[in-house]
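Worksheet: the structure to be examined is printed underneath.
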Amino acid sequence: AQSVTQLDSQVPVFEEAPVELRCNYSSSVSVYLFWYVQYPNQGLQLLLKYLSGSTLVESINGFEAEFNKSQTSFHLRKPSVHISDTAEYFCAVLNTGGFKTIFGAGTRLFVKA
Amino acid sequence: NAGVTQTPKFQVLKTGQSMTLQCAQDMNHEYMSWYRQDPGMGLRLIHYSVGAGITDQGEVPNGYNVSRSTTEDFPLRLLSAAPSQTSVYFCASSYAPGTGGSYEQYFGPGTRLTVT
């Protein structure tokens with residue numbers, strides 16, 4: 001069975017500092033990997049995804065994540081955060097050929113001025 | 001293009017009452033799913049559907065029913081509400097995995113349900 005572990009429930013960080021949100025997964029088959037973001041009182045929206053090819057994927061607002069198959073990780077990073085990045089971030093995994101996307105428990109990123 | 005819509009936004013029920021949470025999408029997505037979100041537990045899959053007339057259970061299906069009579073609609077029924085069903089419910093849709101789609105899910109704005 002698949003599972004997703006987000007290692008930090010909360011990450012406070014100062015504005016313009018770098019941040020890494022950690023995600024590890026377990027699966028016996030190949031996977032697709034996703035990061036979703038949830039702003040307060042909203043639904044989730046896709047931030048970035050890994051399907052195949054280059055292991056480093058980027059979003060339009062400066063986030064990036066690297067798929068590491070040997071460590072079964074998909075950590076999310078941003079070199080310089082803004083106040084507007086304050087949100088909850090969810091890592092998710094979908095087995096290739098499967099139908100069930102499994103989500104981690106979420107990491108609340110709080111950016112301080 | 002409205003995307004995924006959910007109604008109602010808020011609902012308060014008494015224990016034992018039943019109700020239906022509505023979900024609709026206008027993107028012609030084959031795959032639809034229902035999740036519940038609880039603090040510290042992320043999103044847990046309740047039920048999902050890979051097309052009209054086809055549904056299956058997720059991680060936490062007990063106490064909930066679904067049906068899919070059209071591509072657009074995927075209602076979630078609470079049969080006899082319990083306080084443990086107090087949660088935020090999200091509906092999501094996507095192209096069915098394996099059909100050449102992009103695999104990510106599009107989420108509705110959620111329904112906040114309180115059972116007293």
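The values are calculated or read from the model by the stated rules, or taken from the named source; none is laboratory data. The model shown is predicted, which means the values in this text are computed figures rather than measured ones. So basically every Cβ, Gly included, is an ideal-geometry build from the backbone, and we count neighbours across all protein chains shown. Protein only, heavy atoms only, side chains kept; ligands, DNA and RNA dropped before computing areas. Shrake-Rupley method; radii C 1.70, N 1.55, O 1.52, S 1.80 Å.
Look at the stretch A:4-13 and say how many of its residues are within 11 Å of chain B (Cβ to nearest Cβ), open to solvent by 40 Å² or more (accessible area, probe 1.4 Å) and in a strand (DSSP E or B). Number satisfying all stated conditions: 2.
Determine if the stretch B:86-94 includes at least one residue that is open to solvent by 20 Å² or more (accessible area, probe 1.4 Å), within 21 Å of B:Leu13 (Cβ to Cβ) and either without any contact (Cβ under 8 Å) to a residue 24 or more places away in the chain or in contact with a Cys (Cβ under 8 Å, 6 or more places away or on another chain) (or both). I'd like the intermediate steps shown before the answer.
Let us first name the residues in the stretch B:86-94 that are open to solvent by 20 Å² or more (accessible area, probe 1.4 Å), namely B:86, B:88.
Now narrow it down to the ones that are within 21 Å of B:Leu13 (Cβ to Cβ): B:86, B:88.
The next check asks that each one be either without any contact (Cβ under 8 Å) to a residue 24 or more places away in the chain or in contact with a Cys (Cβ under 8 Å, 6 or more places away or on another chain) (or both); those that pass are none.
Scanning the stretch B:86-94, I find no residue that is open to solvent by 20 Å² or more (accessible area, probe 1.4 Å), within 21 Å of B:Leu13 (Cβ to Cβ) and either without any contact (Cβ under 8 Å) to a residue 24 or more places away in the chain or in contact with a Cys (Cβ under 8 Å, 6 or more places away or on another chain) (or both), so the answer is no.
Please go through the stretch B:61-71 and pick out each residue that is open to solvent by 30 Å² or more (accessible area, probe 1.4 Å) and either in contact with a Cys (Cβ under 9 Å, 6 or more places away or on another chain) or closer than 17 Å to B:Thr111 by Cβ (or both). Can you show your working first?
Keep residues of the stretch B:61-71 that are open to solvent by 30 Å² or more (accessible area, probe 1.4 Å), which gives B:62-63, B:65, B:67, B:69-71.
Listed by number, the residues that qualify are B:Gly63, B:Asn65.
Out of B:Val60, B:Val12, B:Val50, B:Val88, one residue alone is β-branched (Val, Ile, Thr) and outside any strand (DSSP E or B). It is B:Val60. Selection of first residues in the stretch B:11-40 that are within 16 Å of A:Gly43 (Cα to Cα) and of second residues that are assigned to a loop (DSSP other than H, G, I, E, B) and open to solvent by 80 Å² or more (accessible area, probe 1.4 Å), restricted to Cβ pairs under 7 Å at least 6 apart or on distinct chains, gives the following pairs, ordered by first then second residue: B:Ala24/B:Glu72; B:Gln25/B:Glu72.
For the stretch A:52-67, state whether one or more residues are among the aromatic types (Phe, Trp, Tyr), open to solvent by 70 Å² or more (accessible area, probe 1.4 Å) and more than 14 Å from chain B (Cβ to nearest Cβ). Within the stretch A:52-67, none of the residues are among the aromatic types (Phe, Trp, Tyr), open to solvent by 70 Å² or more (accessible area, probe 1.4 Å) and more than 14 Å from chain B (Cβ to nearest Cβ). Among residues belonging to the stretch A:14-51 that are hydroxyl-bearing (Ser, Thr, Tyr) and part of a strand (DSSP E or B), point out the one that is surrounded by the most Cβ atoms within 10 Å (Cβ to Cβ). The qualifying residue surrounded by the most Cβ atoms within 10 Å (Cβ to Cβ) is A:Tyr36. Scanning the stretch A:85-104 for residues being open to solvent by 10 Å² or more (accessible area, probe 1.4 Å) and either within 14 Å of another protein chain (Cβ to nearest Cβ) or free of Cβ contacts under 8 Å to residues at least 24 places away in the same chain (or both) gives a total of 9. If you go through the stretch B:20-36 and keep only what is assigned to a strand (DSSP E or B) and loosely packed, with under 15 Cβ neighbours inside 10 Å, you end up with just B:Thr20. Inspect the stretch B:10-24 for any residue being within 11 Å of chain A (Cβ to nearest Cβ) and either at positive phi or under 14 Å from the mean Cα position of the chain (by Cα) (or both) and give the result as yes or no. No: zero hits. Being surrounded by 13 or more Cβ atoms within 10 Å (Cβ to Cβ), modelled with pLDDT under 95 and either in contact with a Lys or Arg (Cβ under 8 Å, 6 or more places away or on another chain) or β-branched (Val, Ile, Thr) (or both) holds for only one residue in A:Thr72, A:Thr107, and it is A:Thr72.
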